[in-house]
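Shown next, in structure tokens, is the structure this report addresses.
Readers should treat all values here as calculations from the given coordinates under stated rules, not as data from a laboratory. Note that the structure is predicted; figures quoted are calculated from it, not measured. All Cβ positions, even for glycine, are placed from backbone atoms using ideal geometry, and neighbour counts span all protein chains on display.
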Amino acid sequence: MKVLLHTCCAPCATHCVLTLLDEGHEVTLFYSNANIAPQEEWQKRLDAVQALAYHYDLPLLVDTPTHDDWLTQVASGLEEEPERGKRCERCFRYSLARAFAATTKGSYDAFTTSLTVSPHKVSAMIFEVGKELSEIQFLTMDFKKNNGFKHSLELTEKLGLYRQSYCGCEFSIKPVS
Ligand code: SF4
């Protein structure tokens, strides 16, 4: 199948790419991520995704969302929510809706997301959002299975990819103590 992989960042996508390729899919990376702040960080993570695309010779679609829109549509009123809370659910919906729109526009067979690699993300919440968008085209792939996260760390180190220290939005940046 032609699969569009919503790529939250290069480190998470490493294991997902190999899993999808192993299953015989054609993979296109989709970088959107309006949640990421500041803009320099968005660019830094994109640079790493471009390196990943180059390494595996994969096409990469770069979206041009705005963080201001994300703040209005997603974070407004939920700034104090903890990670894994309501803001994150809306955040997943925002990114996956853009991935689904790109799936339809680009005539891909299916879409999925690298978000499920992280042990900090609740896969069931992500699946619910994806399935709401498209019961048929969203692939419920739980990439953290089979030591997916550990594998992603190994691949990230091997490929020398930049790995960030916070999830993405300004509300997830931990104060330096
Ligand atoms: S903590 Fe991460 S998942 Fe949650 S809203 Fe911020 S960027 Fe999105």
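Side notes on the structure shown:
- Qualifying residue in segment 82-89 (condition: in contact with an Asp or Glu (Cβ under 9 Å, 6 or more places away or on another chain), in contact (Cβ under 8 Å) with a residue 60 or more places away in the chain, away from the ligand (no atom under 12 Å from the Cβ) and not in a loop (DSSP other than H, G, I, E, B)): no
- Scope segment 40-59; condition free of Cβ contacts under 8 Å to residues at least 40 places away in the same chain and away from the ligand (no atom under 15 Å from the Cβ); matching residues: E40, Q43, L46, Q50, A53, Y54, Y56, D57, P59
- Screening C91, C16 for residues that are surrounded by 14 or more Cβ atoms within 10 Å (Cβ to Cβ) and within 22 Å of L159 (Cα to Cα) leaves exactly one candidate, C16.
- All positions within segment 1-39 that are within 16 Å of the ligand (Cβ to nearest atom), without any contact (Cβ under 8 Å) to a residue 60 or more places away in the chain and assigned to a helix (DSSP H, G or I): Q39
- Residue list for segment 147-171, restricted to those being in a loop (DSSP other than H, G, I, E, B) and either within 16 Å of the ligand (Cβ to nearest atom) or not hydroxyl-bearing (S, T, Y) (or both): N147, G160, L161, R163, Q164, S165, Y166, C167, G168, C169
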